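Worksheet for the structure shown next.
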């Protein structure tokens, strides 16, 4: 039969063909089993419950119905008494071409297009193969099953890859958002300048292997060399730089920065310099937020800011999430600040005194925020909070 006469869809032809050879009850049972009417495949047990017979009896009746439709399609190829059955066979033969090597893939594509509600299971494969030529091509069932398993695995792998890409895209977006937030806290110089790659500094000092912060190295694909770190915070921040396309390169321990501690000249080494693709450079000190307001570190930040200002570089102090500027802008309960400043009028405060001044509504970093915002001096070993030398008591917030 010419292919132009087989353009009707498979399910429509199948419904017409089985109507030619099956009584109403078997037709309804056949349709329900394969979801030809409601596009939902039903189990043998479901069909048996609906028709009040056993699932085994359903299997027998549906199997015989399938054989009868298939036999009739073969006997009606050149006849005129079973028009729909002949058209069904022509449609299947033209669509599947079982004599060709690519038949298994065409069979799977056929199921996906014509019977999308059926999964690629043995029932669906046996159903179409049985209709094709009454089981004469059932020798291909094993090949079709293997092709179905291979396609299922390929689709699962594709889904896994898509999930992994989505996860990586999500993580990369989180990194970009994190960097955008950090860049908002960078102290930029009055005059920025572009830092070219040839100006890339070398490490100014070696990493201390005995660092308390768990030092180590990791291989950088961006830099093509091992990157050394002195703490987990540093490693986390370096990996952020490693994965961001906006960061062209970075260098750990890039400079020796001079500063003064109580009038004594000293030198310290900031953790990393990174260069953005737009040419801006940022010097970063990675420090736990709790340490940012300590007197020695505040002296370092002042030296670092002057160093960066002179060289046209940005300055950032962060733990990787929160920054020095976040502390400087943190809202502190006015009652706590008033109590703290009032107590300082009597002289330096010990830790036990500050603990007595704190209440449950005081944020964990409130003390560090007040120190930075009011220019106080916080020393450690032993702990002591005091006014800056020669400075008056800062004006307290009104109640």
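On the stretch given as the range 261-289, residues that are within 22 Å of residue 232 (Cα to Cα) and more than 30 Å from the chain's Cα centre (by Cα) total 3.
A single member of 218, 237 is at pLDDT 90 or above and under 20 Å from residue 304 (Cβ atoms), and it is 237. Residues in the range 342-367 that are assigned to a helix (DSSP H, G or I) and out of contact with any helix residue (DSSP H, G or I) (no Cβ under 7 Å at 6 or more places or on another chain): 342, 344, 351, 352, 355, 356. May I ask you to verify whether residue 395 is at pLDDT below 90 and more than 22 Å from residue 288 (Cβ to Cβ)? Taking the combined requirement at face value, the residue satisfies it. Of the listed requirements (1) in a helix (DSSP H, G or I); (2) at pLDDT 95 or above; (3) more than 30 Å from residue 278 (Cβ to Cβ), residue 378 misses just one: (1).
Mind listing just one residue for me: the one in the range 267-304 that is assigned to a helix (DSSP H, G or I) and touching a strand residue (DSSP E or B) at 6+ places or on another chain (Cβ under 7 Å) and, of those, surrounded by the fewest Cβ atoms within 10 Å (Cβ to Cβ)? Quick ask: steps written out before the conclusion?
Of all residues in the range 267-304, those assigned to a helix (DSSP H, G or I) come to 289-291, 295-304.
Filter once more, so that each one left must be touching a strand residue (DSSP E or B) at 6+ places or on another chain (Cβ under 7 Å): 295-296, 299-304.
Working: 295: 19, 296: 15, 299: 18, 300: 23, 301: 20, 302: 12, 303: 20, 304: 25.
Residue satisfying both the conditions and the ranking: 302.
The residue pairs whose first member lies in the range 41-55 and is assigned by TED's automatic domain parsing to the domain that holds residue 31, whose second member is surrounded by 14 or more Cβ atoms within 10 Å (Cβ to Cβ) and not in a helix (DSSP H, G or I), and whose beta carbons are closer than 6 Å, counting only pairs six or more residues apart or on different chains, are 41/35; 41/118.
The values are calculated or read from the model by the stated rules, or taken from the named source; none is laboratory data. Computed from a prediction, not measured in an experiment: that's the story for all the values here. Here the Cβ is made from the backbone with ideal geometry for all residues, glycine too, and neighbour counts use every protein chain on show.
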